[in-house]
Amino acid sequence: MIGVLAAFPFLFSAHWLVNIGVFTLMYAVLATAWNLIGGYAGYISLGHVAFFGGGAYAIAVTTTHHYAAHGYEPFYVLPLVGAAVALGSLPLGWLAFRTRTATFAIVTLTLLFVFQQLAFNLRSLTGGSSGLLLPLPLFPVATYERPFYYALLGLLTCGLAISWWVRGSKLGLTLFAVRDDEDRARGLGMRVTYAKLAAFALSAGFFAMAGGVWAFYIGSVYPQFAIDPLVTIGAVLMVYLGGKATLWGPVLGAVLLVPAQQYLAYRLGASQLYLVGYAAVFLVVMLLLPRGILPSLAEKIRRRRGRADPGRPPAQVERPAKELVRS
Amino acid sequence: MSLLQLENVVAGYGFGDVLKGIDLTLERETITCLIGPNGAGKSTVLKTISGLLHPRHGSVRFEGEDIARRRPRAVLDLGIVQVPQERSLFPLMSVWENMLMGAYILNDHREARRRAESLAERFQLVRDRRTERAGSLSGGEQKLVEIARALMLDPKLLLFDEPSAGLAPQARAQVFEVLGSLRGGGWTILLVEQNARSGLSIADCGAVLDAGVVKLEKPATSLLADPEVARLYLGARRDPVGVSTNRPPERPAASTRVTATRKEKPVE
Amino acid sequence: MKKQALIVAALFAATASVVAVLATSAGGGTRSASAKPITIGISLSLSGDFSDPGKAARRGYDLWQQVVNAHGGILGRTVKLKIVDDASSPNQAVSNYTTLITRDHVDLVFGPFSTLLTAPSARVAYRYGYAFVEPAGGGPAVFQQKLPNVFFAQPAPVINCGDPFVHFLASIPTSKRPTSGAYPALDDPFASPIAARMQGQLSHKGVKSVFKTIYPPETTDFSPIVAKMASKHPQLVAAGTQSDDAYGLVRAMIQLKLNPKFVFLSNGASSALEFPDKVGRSQTDGIFSCGDWFPQAKNQGNNQFVAAYLKKYHGSALAIDSGSAEAYAVGQIIQAVAKKTHSINNKTVIKTLHKGKWPTVEGNLSWNKYGAPKGSDILVEWIHGKLLPVWPKSLALHKPTYPKPRWH
Amino acid sequence: MHLVVQAVILGLLTGGVYALMASGLTLAFGVMRVINVAQGALIILSAYLTYTLFVHAGLDPFVALLVITPGMFVLGMLLQFVFIRPLRSEDREELSLLVTWAIALGIEGVLSVVFKTTYRSVNTGYTNATWDVGGYTITQVRFYGFLLSVAILGLLFLALTRTRIGRAIRAVVQNPVSARLLGIETERVAAVGFGLSAATASAAGAVYAMVYPFNPNSHYDLISLLLTIIVLGGLGSLGGAILAALFMGVAEAVLAATISPTWAKLTFFVALLTLLLIRPQGLFGVKARGAI
């Protein structure tokens, strides 16, 4: 799969296609990263785009003062930015993890607005509403998009590798346990807080790095675009569409949705109905495919082969009646 | 004819079955106590009767009628009231409001008040603390109000799910006393109890549930006397009414529970 | 795990090929070289936050196309506009211009709406050597990029909007000038820099700054701001406003009975229909604003533009959004270049526009190296319920009246 | 000092309106464990309906309420029935958050198609009228809005305590299992609760339309603020939400007047984050941490 993605700019070298590829990969990175905390641990963070913006501003601030004569420098500082934002996300994560489920979602959403407001208010650093400009990258025009594309592909590869590693590790086990029953996991002596924070920081770091590439690609950073709630929502939708808590689901969601969205806006956006369409896709996914495409497909395949799912949980022991009553 | 009859009832949550073919018969105006280890499915039996859970197989007959697929409301209309194990009062409402809620389905406020008044005669607690917030009562007091509230509909069958769970010894004694006093009032009672000795001591009949099936169904006294039953299900020591052994209910090995309750297994 | 990757790869390949097929089919067949129309690619905010001004710009572009084609097109070729929607998102704007240039190979591109989208879009145009004449990206960010292909089709950069008002104040007798000034401003690249600039210029001229604040874009409740401002009793309120905040500010001033001698609102108060509608026509008198265009202007082709507009979209001349005129001016500029050089080659366009003055409905425009216009805006004032140009004198239809009457 | 008192007056009036808006949100959460992210959009929708009736039929916003409120009630029930109810119980709380967000986007989309994105406001004859009370200015519209909010909250309170369905709603909020065991049809009650919650949006929307300019996008600002308020007040707690709303209204106005309006916007969030440090269950939340 990574190979296919790597070959893409050579197979389809038209700028506009690679350009769409850049945005697709960006969302694939975001969705994969969000899946770490939202999918694996079941903590719905609606504010992750704050870290995306953090990364975007970090890259903008570090590069904006050296005008022009730049090539790949922003990419070199990217890992640093990721690490810094990941570190910075820890206290925020700690604070947010004092709550759960819906409250957690609201608190993270609040983080988003705090960061956006800060981006507006800290004018001397962020330029406020006037935004920040980044240097013009001096890449050859013929392959202009490729550095961005491969930087994001690199991020995606790392993200997937980490995601894959997490699934098999103790960290992943703890995260899954948290999603299922956090109190019990804690009762079993699992290091719940540590695991949650690790997942939170990891995903924040990837959001920041993707934000950095984005800022460099677009060339200007404004608070309302760098910290746009629709970006998180986009990533979340892709995760749900592709399959929550799966390895490839988020990528699939991005690959399906981003080109479709870009192309549709280009061809027939003018109708204003795109928001309605977006909402409709969202609702259909939530109501009809709450488990996402990959898990549903996988189940279908398994069923067709008539194999009983060996991993299916055994008889469930009594759940609290609170849940029952809503069934 | 017996009041309630469960035949080969299979039921469960999610993928698994908790009840694996239950047969149980309740005679009119008797108290039956259901005992068994944790996780045996005792509460599930009650939920299956009260309509919170629909069985996958088998029949639940109440006065000869199959009620297995009815909704809780319909079951309630028949005169079956369940008092769940968890605290079930509305904590921000007064005791009196809670009593009135007990007759919610009557849709007749005056009648509800009349019944509450007459129950207040019987339950001193309700009389004395009627304006207090239910949430401010102690656990034992709340359980007593719950029992009183369950009588608001003048039901034919009362289902009690571990009424003594989590109570202090004195409160526990009080609860059993009140339950015992219901005998002969025209009610049929199915009682699920962890404190098996106390439960059986006020019951006419006893049934042992283990691993989703009814192992034994006998008069309560003979169960209490059976040494094998005592060893397996009652604990070796005597556990007289109202005296706590203070043994926390055992939990099944938690590690298995973690995986068992997982909602979605990650797809490989 | 592998199976998943395969599924994803397969779906990806399918998506890619669908897109590729759509791409080739949309490319269009062979065209004869000389008669083929000139295609101009434009990304506009037809949906999303900027959709209303985006649509106003679209009307201007459409009108220009109609007028120019009615007169035989450019260089004998008809003009075809390819307008796509960017949903008010910079990502989509970048994608759109990339696609317009590298897939549809349009001959020219025109600018989108808003500085926020113009800045990234101008880079795309620059990369591929396209001239970027744009109607609405007048914020500092656009010029700070130092791109030689950018030309802003308005008489002055946005932040210079207060200049004519400052000049006018300097021209009146000292005794009648305000002595204290308050500068509330919207946190927006089009608004707060205007107030800041005016504050600097006016305090230089002896107007004491007694109040300054920047309020966030989502502010809808202006009473706290105005209450605080009122406590300083400013004689002048010079606000950097956008549209709705201008109405809110005025409404709060009326409610809290703050009566300065001069009120200047950079934007919003310049909309001939909405402003009186939102604050009450009788309350508008004496309020100053700035404008780049007005229907009565004697500029190049303005009568024609207004007539064509009214014919196509009806309504009154007052209802014409200056955004339409700005977009129209973009077309006029290209038209003029083609007439002069007999070419619409982008390199030629860029080179040519850096010299001379270019007459448009927006006035005679000229630019510095990076596309910032060298002219000045017009000071307008509400007089007896009408919005009239009052400064500079050469364009004035009425004398400025002051001090502002009290609210009632 | 004068400034601060003036700000407090403004803040209280604003807080009253916030309280009305937040009451619907917290009610929906209480009854259904659903964070209705679309509440802001419903308020804006009502504001547009008020605007339409005012501009095209000349109906005074307060009169228009008589038409809009039942409409919103039905819409709320419908939304619950179509979108919330089918969600699987175990992921309802989580999915409802996203589903209602999608509903909000959908409403925003429809509104921007129908009404464009320019800001609108309802200018009645009394829009700019003020009273002068001891040197302090009170805007009449705001005062009426405040009164309306108090009246609606009072009605809501009466409905919840004095009517059968109201008692059922409270019962479901306080103990859903028990409510079901007592024969309360929780889904039906949930639908009514959602309807009521949407109905409060109609009054809130009418007030909003008179006091503030709005466009389809305004719901983001609204909902972020309302969510903060209900978390501050403790999710599901009506009284908590009202107190938190008043508190926040005042705090915001005072800070805007004394420090800066841009930083005052952060008041809510700072208050929320501080609260999390001290009392994660909210100011007045009665629920244990894990149960929220």
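The values are calculated or read from the model by the stated rules, or taken from the named source; none is laboratory data. Keep in mind it's a predicted model, so treat the numbers as computed, not measured. As a convention, Cβ positions derive from the backbone with ideal geometry for all residues, glycine included, and neighbour counts pool all protein chains shown. For accessibility, only protein heavy atoms count, side chains too; no ligands or nucleic acids. Shrake-Rupley method; radii C 1.70, N 1.55, O 1.52, S 1.80 Å.
In summary, the lysines within cross-link reach of B:K42, defined as a Cα separation below 22 angstrom excluding same-chain residues under 8 places away, comprise A:K322, B:K20, B:K143, B:K156, B:K215, B:K218. Solvent-accessible area of chain D (1.4 angstrom probe, protein heavy atoms only): carbon and sulfur portion equals 72 percent. Chains D and B together bury roughly 2200 Å² of accessible surface, counting both sides and using a 1.4 Å probe on protein heavy atoms. Counting only whole DSSP H helices of chain A, the ones at least 27 Å long by C-alpha along their axis and with mean Kyte-Doolittle hydropathy no lower than 1.0 are A:15-34, A:73-96, A:101-121, A:192-218.
Within the protein assembly as shown, DSSP assigns beta bridges of which about 45% are antiparallel (rounded to the nearest 5).
Accessible surface area normalised per residue over region C:283-408 is 47 Å², counting heavy atoms of protein chains with a 1.4 Å rolling probe. Each label point was placed 7 Å from the Cα along the Cα-to-Cβ direction; for C:K36 and C:H384 their separation is 5.8 nm. Taking chain B as a Gaussian network of alpha-carbon nodes connected by springs under 10 Å, the highest mean-square fluctuation of the residues B:L158, B:L200, B:L182 belongs to B:L182. The residues of region A:2-308 expose, per residue, 32 Å² of accessible area to a 1.4 Å probe. Please check region A:159-194 for residues whose accessible area, probe 1.4 Å, is lower by 30 Å² or more when all protein chains are in place than in their chain alone. When all protein chains are present, A:R167, A:F176, A:R179, A:D180, A:R184, A:L188 each give up 30 Å² or more of accessible surface. Counting Lys and Arg as +1 and Asp and Glu as -1 over every other residue whose Cβ lies under 15 Å from the Cβ of A:G277, the net charge comes to -1. The accessible-area ordering, largest first, of the residues B:H57, C:H408 stands as C:H408, B:H57, per a 1.4 angstrom probe. For chain C, modelled as a GNM whose springs connect Cα atoms under 10 angstrom apart, the maximal fluctuation among C:A238, C:A252, C:A136 occurs at C:A252. Solvent-accessible area assigned to carbon and sulfur over region A:2-308 amounts to 70 percent, based on a 1.4 Å probe.
For B:V10, the residues 5 or more places off, or on other chains, whose built amide H falls under 5 Å of its own are B:G21, B:I22, B:R56, B:H57, B:G58.
Total buried accessible area between A and D, probe 1.4 Å, nearest 100: 4600 Å².
Helix hunt in chain D: which complete DSSP H runs extend at least 27 Å axially by C-alpha with mean Kyte-Doolittle at least 0.5? For chain D, where a helix must reach 27 Å along its axis and average at least 0.5, the hits are D:2-32, D:92-115, D:140-162, D:186-211, D:238-258. For region A:1-75, chymotrypsin sites (Phe, Trp or Tyr not before Pro) meeting the loop criterion (DSSP other than H, G, I, E, B) and having at most 14 other Cβ atoms within 10 Å: A:Y67, A:Y72. Net charge dipole, chain C: roughly 960 debye, given to the nearest 20, about the Cα centre with Cβ charges of +1 for Lys and Arg and -1 for Asp and Glu. Between amide H atoms placed 1.01 Å from N, distances below 5 Å from C:C290 occur with C:V380, all of them 5 or more places distant or on a separate chain. Solvent-accessible area per residue in region D:154-197 equals 33 Å², computed with a 1.4 angstrom probe and all protein chains kept. Summary value for chain A: 32 percent relative contact order, contacts being C-alpha pairs under 8 angstrom separated by 6+ residues.
For a test of the definition: using alpha carbon positions, the gyration tensor, and the 1.5 limit on a/c, classify region C:167-295 as rounded, prolate or oblate. Rounded shape, in that the Cα axes give a/c under 1.5.
A simple rule links phi to the HN-Hα coupling: the Karplus curve 6.51 cos²θ - 1.76 cosθ + 1.60 with θ = phi - 60°, which for region B:71-84 gives 7, x, 4, 5, 5, 4, 4, 6, x, 10, 10, 10, 10, x Hz, with x for Gly and Pro. How big a patch of accessible area, both sides summed and in Å² to the nearest 100, lies buried between C and D at a 1.4 Å probe? Separately minus together, C and D give about 2600 Å² buried. With just the Cα atoms defining each centre, how far is region D:192-250 from region A:34-100? Give it in Å. Computed from Cα coordinates, the inter-centre distance equals 31 Å. The separation of region D:150-180 from region C:344-361, counted between C-alpha centres, amounts to 71 Å.
For chain C, the membrane-span-like helices by this rule, meaning whole DSSP H stretches whose C-alpha atoms cover at least 30 Å of axis and whose Kyte-Doolittle mean is -0.5 or above, are C:2-26; this says nothing about an actual membrane.
For the set C:K55/C:K312; C:K176/C:K228; C:K205/C:K374; A:K170/A:K196, the pairs lying more than 19 angstrom apart at their alpha carbons are C:K176/C:K228; C:K205/C:K374. Shape class of chain B from the Cα gyration tensor (axes a ≥ b ≥ c, square roots of the eigenvalues): rounded, since a/c falls below 1.5. Between the beta carbons of B:R183 and D:R164, assuming R0 = 30 Å, the FRET efficiency works out to 0.30 to the nearest 0.05. If you take the Cα centroid of region C:371-408 and the Cα centroid of region B:79-146, the two points sit 76 Å apart. Rounded to the nearest 500, the 222 nm mean residue ellipticity of chain C from helices alone is -12500 deg cm²/dmol, with -39,500 (n - 2.57) taken per DSSP H run of at least 4 residues. The contact residues of region A:68-117, meaning those that lose at least 40 Å² of 1.4 Å-probe accessible area when all protein chains sit together rather than their chain alone, are A:L95, A:R98, A:R100, A:A102, A:T103, A:I106, A:V107, A:L109, A:T110, A:F113, A:V114, A:Q117. Within the listed set C:P359, C:P173, C:P295, the residue fluctuating most in the Gaussian network model of chain C (springs between alpha-carbon atoms under 10 angstrom) is C:P173.
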